[in-house]
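Trainee: Would you mind keeping the following structure in view while I ask a few things?
The values are calculated or read from the model by the stated rules, or taken from the named source; none is laboratory data. These numbers come from a predicted model, not from an experiment. Positions of Cβ are generated from backbone atoms using ideal geometry, with glycine treated the same way; all protein chains shown enter the neighbour counts. For the accessible areas, the whole protein counts, side chains as well, though only heavy atoms, and no ligand, DNA or RNA atoms are used. Shrake-Rupley method; radii C 1.70, N 1.55, O 1.52, S 1.80 Å.
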Amino acid sequence: GVRGLRLALTNRDWFLAQIRGLLRAGLHGPLRIMLPMVTSLPELKLALEVVAEARQQLEDARLAYAQDVPVGMMVEVPSAALEAERLARYVDFMSIGTNDLIQYTLAIDRENDDVAYLYRPLQSAILQLIQRVSEAGRAAGIPVSLCGELAADPRYTWVLLGLGVTELSMHPSAIPVIKNIIRSSDYADMVSLVGEVLEVEDVDDAERLVLGKMRARFPDCLLYTSPSPRDRQKSR
């Protein structure tokens, strides 16, 4: 649909106004600009041209603005994840939006109860895309964060960090549990677990492997984990 960056690029004037406003606001505190729903390199380049034009407009008007505002992008569609190595060369940071990435990769609508059970984050395709983006960020020397329900789920913390993600974005209420898991863990164990999971062909086996390991290691942290869409489907 016409959303995210597509919507912005079809309404260039107000996109410029938004960027000018952000750059001006950057004078009053830390600011980063993140471009949503990027699907290709040409699309990203068009958006970066708008950012450059907004800067020039402020220069021409002799208006003060923040000079060094990092510009990054969301990775939430498979095409962006597959092209991450190229895209990473043009931005200052990347953020993986797992809710949409999983939905678009597996062709499921999470709000549709008939297919919600297919929403399974440990599908090999999902893990490979996350790893691909993480490696692209590391090669380009930029940070890669991850947001969405997955980031706040303690069952998957080891897997996400083992895939190379360096930042997790979540609701404040989830931070203590996730932080406790990370502080009580060894990174080598995370990488080892990911290596095992990526070798597993069946997602059921992958879930048993990961959840078994996490429950044995962090029983208290996983006590209040909310049920997955698949679990909710089973209980209907």
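Trainee: Cβ under 10 Å from SER95's Cβ, SER95 left aside: what net charge do those residues give with Lys, Arg +1 and Asp, Glu -1?
Mentor: Taking every Cβ under 10 Å from that of SER95, the sum is -1.
Trainee: Here is a follow-up. Could you tell me what percent of the accessible area of the range 39-142 is made up of carbon and sulfur, with a 1.4 Å probe and every protein chain present?
Mentor: C and S atoms contribute 45 percent here.
Trainee: Moving on to the next point. Along the charge dipole of the range 83-221, which of GLN131, SER169, TYR104 sits closest to the positive end, that is, farthest toward it, with unit charges on the beta carbon of Lys, Arg, Asp and Glu (+1, +1, -1, -1)?
Mentor: The listed residue farthest towards the positive side: SER169.
Trainee: So if I place +1 on the C-beta of Lys and Arg and -1 on the C-beta of Asp and Glu, and nothing else carries charge, what would the dipole magnitude of the range 1-45 be about its Cα centre? I want it in debye, nearest 20.
Mentor: That gives the range 1-45 a dipole magnitude of about 40 debye.
Trainee: Please work out how much accessible surface VAL177 shows to a 1.4 Å probe, ignoring ligands, DNA and RNA, in Å² rounded to 10.
Mentor: Approximately 50 Å² of VAL177 is accessible to the 1.4 Å probe.
Trainee: The list [x] 65, 34, 23; [y] 61, 45, 30; [z] 61, 38, 31 gives values of Cα extents along the principal axes in Å, and only one came from this structure; which label was calculated from it?
Mentor: Matching entry in [x] 65, 34, 23; [y] 61, 45, 30; [z] 61, 38, 31: [z].
Trainee: Here's a follow-up. Residues with amide H under 5 Å of ILE96's amide H, sequence separation 5 or more or different chain, H placed in the peptide plane at 1.01 Å from N; which?
Mentor: Hits under the 5 Å cutoff: VAL75, SER145, LEU146, CYS147.
Trainee: Considering only protein heavy atoms, what per residue accessible area in square angstrom results for the range 1-132 with a 1.4 angstrom probe?
Mentor: 50 Å²
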